[in-house]
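The values are calculated or read from the model by the stated rules, or taken from the named source; none is laboratory data. This one's a predicted model, so the numbers in the text were calculated from it and none came from an experiment. When we count neighbours, we look across all protein chains shown, and the Cβ atoms used for this are built from the backbone with ideal geometry, even at glycine. Quick note on the areas: whole protein, heavy atoms, side chains included, nothing else; ligands and nucleic acids left out. Shrake-Rupley method; radii C 1.70, N 1.55, O 1.52, S 1.80 Å.
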Amino acid sequence: MTNYVAFNAQRAIDYVSTLIESKQCNFFDSGQTLSAYEFGDGNLNLVFRITDEQNNSVILKQALPYARCVGESWPLTLDRARIEAQVLLNHGAICPTYTANVLHYSEMQALTILEDLGNLQILRTAQNNAEQFPKLAQHVATYLSHTGFYNSDFYLTAQTKKALVSQFTNPELCQITEDLFFSDPYIEHERNNYPKQLQNEVDAIQKNNALKLEIAKLKANFLSNPQTLLHGDMHSGSIFVDCNNTKMIDPEFGFFGPIGFDIGSFIGNLLLNYCAQAGHIDDFVARRNYQTHLLSCIVDTYSLFEQQWLELIRTKTTDESLAPVSYAQYFMKNVLQDAVGYCGAELIRRTIGLAHVSDIDSISDDNARLTVQKQTLALGEQLILNAQTCNNKEAFLSLLISQLN
Ligand code: SR1
Ligand code: MG
């Protein structure tokens, strides 16, 4: 095997052909002429679609030794390909229906070959077009509750869990989140990215000591609370959907962290889309209908997530000392409060930090976009400041409704 080399389309074809002809993989028949093109539009990696003469296809995802969205000036570990493949395998063993299937992994070439989900859509693209997915809440809740529970202290022995924490130690990718999510937006930083018309709002955030205290608590919890194996980047670009199917992709930021982080990030992205619709759907009734759908999706996701977690704790906990109902209720209240805080932080960092979302950036009218950005900042701030008042999901819903217009 050759040393690592960043692929182009021909190298991707050659690599897959060798796997097929040497019978290491069988996703294509031997002797087929293959074609490939690169279409990655994410922040970090190369992504190729490789197709045979019968139109069968797979996805080859290769990590670059730097962050693609910034360039070679931002070196980044190739180990993220291992983390991504191993999280997909771990989560896929627990929840195969909602996890993208890994067909092959190469540590040397920092690449994973995955099932092609091109028959589905990326959730963010679909939501920017106001499409509805009635099963999304159920699917995301099931994925997060099951992968969360079966990688937690409720289920694993302490020794097995500690071995997994070590296996999934992901310092460089965690550092990105620690910086972009929890640090940059709250200080003046060259990576921050916002229009000058938002300067007053940004100044207010960066001078708000109560807010900075809550962000410090959220960051400390992210740094040192290995509750479960997180996906680590549960935004709407990491989810493929259609009416009946949901598949999680891209867990290269996976590590053992606080359970509230993934569900909070997911809900934060639904709220970013909720706010952005003011710049996309002009008709008031149509906009309200879609926003109502998003709000139902948020409520249903959290309710089902909590219900499934409580049921899993009740029926599958292996450590008797963690089994009391009172502890389950205490535990889930803390998960909710964490989730509300992380949700608020996602709103703020996607508005003024380095990595934005197309939900907002695609609003063509400057004033409309600015109005949405002010709303996401205000909403994010209120969620962070009031997270600890959310003693139950009803309190979270009341908080949301009081802040949304
Ligand atoms: C440099 S990476 C920027 C963002 O993209 C990823 O998907 C993560 O969300 C990260 O924060
Ligand atoms: Mg990604």
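If you go through region 163-186 and keep only what is more than 14 Å from ligand 2 (Cβ to nearest atom), of a type in the set (S, T, Y) and either farther than 12 Å from P226 by Cα or open to solvent by less than 40 Å² (accessible area, probe 1.4 Å) (or both), you end up with S183, Y186. Only one entry of E107, E84, E53, E38 meets the criterion of being within 16 Å of ligand 1 (Cβ to nearest atom), acidic (D, E) and outside the structural domain of N245 (by TED's automatic domain parsing), and that entry is E84. Quick one: would you say D365 is open to solvent by 10 Å² or more (accessible area, probe 1.4 Å), among the acidic types (D, E) and within 22 Å of A126 (Cα to Cα)? So D365 fits the description; yes.
Of G254, G260, all but one fail to be within 13 Å of ligand 1 (Cβ to nearest atom) and not assigned by TED's automatic domain parsing to the domain that holds N101; the exception is G254. Beta carbons closer than 7 Å, at least 6 apart along the sequence or on distinct chains, pair a first residue in region 27-48 that is open to solvent by less than 30 Å² (accessible area, probe 1.4 Å) and near ligand 2 (Cβ under 10 Å from one of its atoms) with a second that is among the polar types (S, T, N, Q) and part of a strand (DSSP E or B) for N45/Q62.
Please enumerate the residues belonging to region 275-309 that are assigned to a helix (DSSP H, G or I) and over 25 Å from E346 (Cβ atoms). Result: F284, V285, A286.
Residues in region 56-81 that are more than 13 Å from ligand 1 (Cβ to nearest atom), assigned to a loop (DSSP other than H, G, I, E, B) and in contact with a Leu (Cβ under 9 Å, 6 or more places away or on another chain) were compared, and the one that is farthest from E107 (Cα to Cα) is P65. Note on region 68-89: residues that are within 16 Å of ligand 2 (Cβ to nearest atom), surrounded by fewer than 18 Cβ atoms within 10 Å (Cβ to Cβ) and within 17 Å of the chain's Cα centre (by Cα) total 0. State all residues of region 83-140 that are touching a Pro at 6+ places or on another chain (Cβ under 7 Å) and aliphatic (A, V, I, L, M); if no residue qualifies, say none. Residues satisfying the conditions are V87, L88. Here is the figure for region 256-310: residues that are of a type in the set (G, A, S) and surrounded by fewer than 24 Cβ atoms within 10 Å (Cβ to Cβ) total 5. Applying a threshold of 6 Å to beta carbon distances and a minimum spacing of six or more residues, or different chains, the list of pairs starting in region 334-351 at a residue that is more than 19 Å from T389 (Cα to Cα) and open to solvent by 10 Å² or more (accessible area, probe 1.4 Å) and ending at one that is in a helix (DSSP H, G or I) and of a type in the set (D, E) is empty.
Just one residue in the set D250, D233, D203 is free of Cβ contacts under 8 Å to residues at least 60 places away in the same chain, charged (D, E, K, R) and within 16 Å of ligand 2 (Cβ to nearest atom); that residue is D233. Scanning region 49-67 for residues that are touching a strand residue (DSSP E or B) at 6+ places or on another chain (Cβ under 8 Å) and open to solvent by 50 Å² or more (accessible area, probe 1.4 Å), we see that the one that is farthest from ligand 2 (Cβ to nearest atom) is P65.
Just a yes or no: is a residue in region 360-367 under 21 Å from the mean Cα position of the chain (by Cα), more than 16 Å from ligand 1 (Cβ to nearest atom), touching a residue at least 40 places away in the same chain (Cβ under 8 Å) and outside any helix (DSSP H, G or I)? Yes, because at least one residue in region 360-367 is under 21 Å from the mean Cα position of the chain (by Cα), more than 16 Å from ligand 1 (Cβ to nearest atom), touching a residue at least 40 places away in the same chain (Cβ under 8 Å) and outside any helix (DSSP H, G or I). When you look at H231, is it within 16 Å of ligand 1 (Cβ to nearest atom), open to solvent by less than 10 Å² (accessible area, probe 1.4 Å) and within 22 Å of L180 (Cβ to Cβ), yes or no? Answer is yes for this residue. Looking across region 90-123 at every residue that is touching a helix residue (DSSP H, G or I) at 6+ places or on another chain (Cβ under 7 Å) and surrounded by fewer than 20 Cβ atoms within 10 Å (Cβ to Cβ), the one that is farthest from L229 (Cα to Cα) is identified as I122. Of the residues making up region 129-140, those that are touching a residue at least 24 places away in the same chain (Cβ under 8 Å) and surrounded by fewer than 20 Cβ atoms within 10 Å (Cβ to Cβ) number 5. For region 234-248, taking the residues that are within 11 Å of ligand 1 (Cβ to nearest atom) and surrounded by fewer than 23 Cβ atoms within 10 Å (Cβ to Cβ), the one that is nearest to L294 (Cα to Cα) is identified as H235.
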